[in-house]
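Working notes for the structure below.
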Amino acid sequence: MGSPEDPYGAVDRLRALLARRLAPQEAAAELRAAVALHPRRGRAFQAQLLAQAFREAAELAVQCGWTGKVVLSGGKVMVDQDGALLSADCEDRYFRSSGPFAGRTMLEGLEAFGIEPRTVLDVGANIGDLSIYFARRLPEARVIAFEPAPENLRDFAANLALQNPPLTNLELVAEAVSDRTGTIAFTVGAGDLNTTMIEGNLARLRSAPGVTVAEVPTDTLENLCRRLGVDQIDLLKIDTEGGEPLLAASIRAMAGRISSAYVEISTYNSLGAYAELVAAFDQAGLVMLDKTHRLLPDPITWLAERLSATTAINVWFVQRERLERAAG
């Protein structure tokens with residue numbers, strides 16, 4: 001028996017279903033059985049049940065401080081990142097926070113530097129969230145994503161299939177970008193921690209449940225650009241969980257062809273290895289800035305201080321000439 005506010009007892013039944021933690025199929029069976037008892041009231045019962053479920057989910061999000069956008073369609077749960085739809089079935093990290101999306105931060109940086117992005121390369125694209133965002137927000141740009149991990153490629157494809165209208169300016173290359181041509185050892189099964197750097201302080205990945213090591217195809221950045229017909233890179237994003245220094249020689253080889261780079265630097269590789277990468281960017285004519293676009297006169301000391309307190313940080317590398325023009 002329901003209350004005046006809930007004459008069919010839908011809310012009480014909903015709470016009972018949630019308390020019992022039924023699987024969706026079981027909950028649907030319970031709902032059908034309840035509706036069968038009152039066929040003429042079925043629509044109202046279902047409406048109350050679903051409305052209350054969504055209200056409680058929304059209240060939970062507010063209590064957790066999450067203010068993002070969720071899209072439900074065809075049994076799928078998706079997060080809307082400024083028009084890019086990303087499957088919550090593939091990855092639940094979209095619910096960790098609802099602050100500014102990293103892609104938006106990068107595009108704001110490019111605008112501040114006076115860079116019009118026509119070609120964007122995403123090295124370590126993972127499941128495609130940034131690549132898809134760039135392709136959606138920059139319809140005139142060419143976006144190329146590099147990702148070798150089989151499980152990430154599967155989820156990337158799932159995310160790509162959600163986009164409406166479909167993206168025609170995004171290319172996915174199933175290869176690792178490294179310092180060699182051929183194959184390279186790569187972790188499989190570590191999700192967004194998959195990396196080419198499987199020795200040393202990342203040995204923990206070898207013993208993690210379900211993580212194995214496989215050989216995946218790889219090539220250097222300059223070779224990949226030659227194969228893909230890329231002459232100039234306006235934004236080079238690199239996040240390879242410690243494998244970033246492997247691109248140092250390629251950065252030197254492509255001097256004058258990279259306008260900006262957004263790079264993760266972490267404790268997953270040595271400070272000395274990252275110092276070599278910073279030196280490569282400097283020799284290629286790019287200077288290092290922090291996320292607030294502040295020029296770092298002593299980047300290695302700054303990195304050492306920051307990495308003593310955190311696992312990873314993101315930094316910019318921007319052509320000196322562009323910074324001077326932007327400042328002037």
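Filtering segment 277-295 to residues that are assigned to a loop (DSSP other than H, G, I, E, B), farther than 16 Å from GLU264 by Cα and not small (Gly, Ala, Ser) leaves only ARG294. Only one of these conditions is not met by TYR268: (1) free of Cβ contacts under 8 Å to residues at least 40 places away in the same chain; (2) assigned to a loop (DSSP other than H, G, I, E, B); (3) within 26 Å of the chain's Cα centre (by Cα). Which number is it? The single condition TYR268 does not satisfy is (1).
Among the residues of segment 227-244, at least one is at pLDDT 90 or above, assigned by TED's automatic domain parsing to the domain that holds ARG322 and of a type in the set (S, T, N, Q). Within the option set ASP129, ASP80, being assigned by TED's automatic domain parsing to the domain that holds VAL318 and more than 20 Å from VAL318 (Cα to Cα) holds for one residue only, ASP129.
Residues in segment 126-174 that are under 18 Å from VAL230 (Cβ atoms) and of a type in the set (Val, Ile, Thr): VAL143, ILE144, THR168, VAL173.
Considering only residues of segment 137-163 that are of a type in the set (D, E, K, R) and in contact with a helix residue (DSSP H, G or I) (Cβ under 8 Å, 6 or more places away or on another chain), which is modelled with the lowest pLDDT? If you could, list the steps in order and put the result at the bottom.
Step one: list which residues in segment 137-163 are of a type in the set (D, E, K, R), which gives 137, 140, 142, 147, 151, 154-155.
Remaining after also requiring in contact with a helix residue (DSSP H, G or I) (Cβ under 8 Å, 6 or more places away or on another chain): 137, 147, 151.
Values: ARG137: 95, GLU147: 96, GLU151: 87.
So the residue we want is GLU151.
Are any residues in segment 164-190 under 22 Å from ASP82 (Cα atoms), among the polar types (S, T, N, Q) and at pLDDT below 95, and if so, which ones? Result: ASN164, single match. Look at segment 64-90: where a residue is touching a residue at least 60 places away in the same chain (Cβ under 8 Å) and a partner is of a type in the set (Phe, Trp, Tyr), sitting 6+ places away or on another chain with Cβ atoms under 7 Å, you get ALA84/TYR133; LEU86/TYR94. Take VAL318 and tell me if it is at pLDDT 95 or above, closer than 24 Å to GLU108 by Cβ and outside any helix (DSSP H, G or I). Yes. When THR168, THR195, THR183, THR187 are screened for being touching a Gly at 6+ places or on another chain (Cβ under 9 Å), of a type outside the set (Asp, Glu) and either on the phi < 0 side of the Ramachandran plot or free of Cβ contacts under 8 Å to residues at least 40 places away in the same chain (or both), only THR195 passes.
Of these, PHE95, PHE134, which one is surrounded by 14 or more Cβ atoms within 10 Å (Cβ to Cβ) and modelled with pLDDT under 90?
Values: PHE134 fails: modelled with pLDDT under 90.
Result of the check over PHE95, PHE134: PHE95.
Within segment 288-307, which residues are touching a helix residue (DSSP H, G or I) at 6+ places or on another chain (Cβ under 7 Å) and surrounded by 18 or more Cβ atoms within 10 Å (Cβ to Cβ)? Matches in segment 288-307: MET288, PRO299, LEU303.
Once segment 117-131 is narrowed to residues that are more than 19 Å from THR218 (Cα to Cα) and polar (S, T, N, Q), the residue that is surrounded by the most Cβ atoms within 10 Å (Cβ to Cβ) is SER131. The one condition from (1) modelled with pLDDT of 95 or more; (2) outside any helix (DSSP H, G or I) that TYR274 does not meet is (2). Among all positions in segment 145-168, there is at least one residue which is within 16 Å of TYR262 (Cα to Cα) and buried (at least 21 other Cβ atoms within 10 Å of the Cβ).
The values are calculated or read from the model by the stated rules, or taken from the named source; none is laboratory data. Keep in mind the model is a prediction, meaning the values are calculated, not measured. All Cβ positions, even for glycine, are placed from backbone atoms using ideal geometry, and neighbour counts span all protein chains on display.
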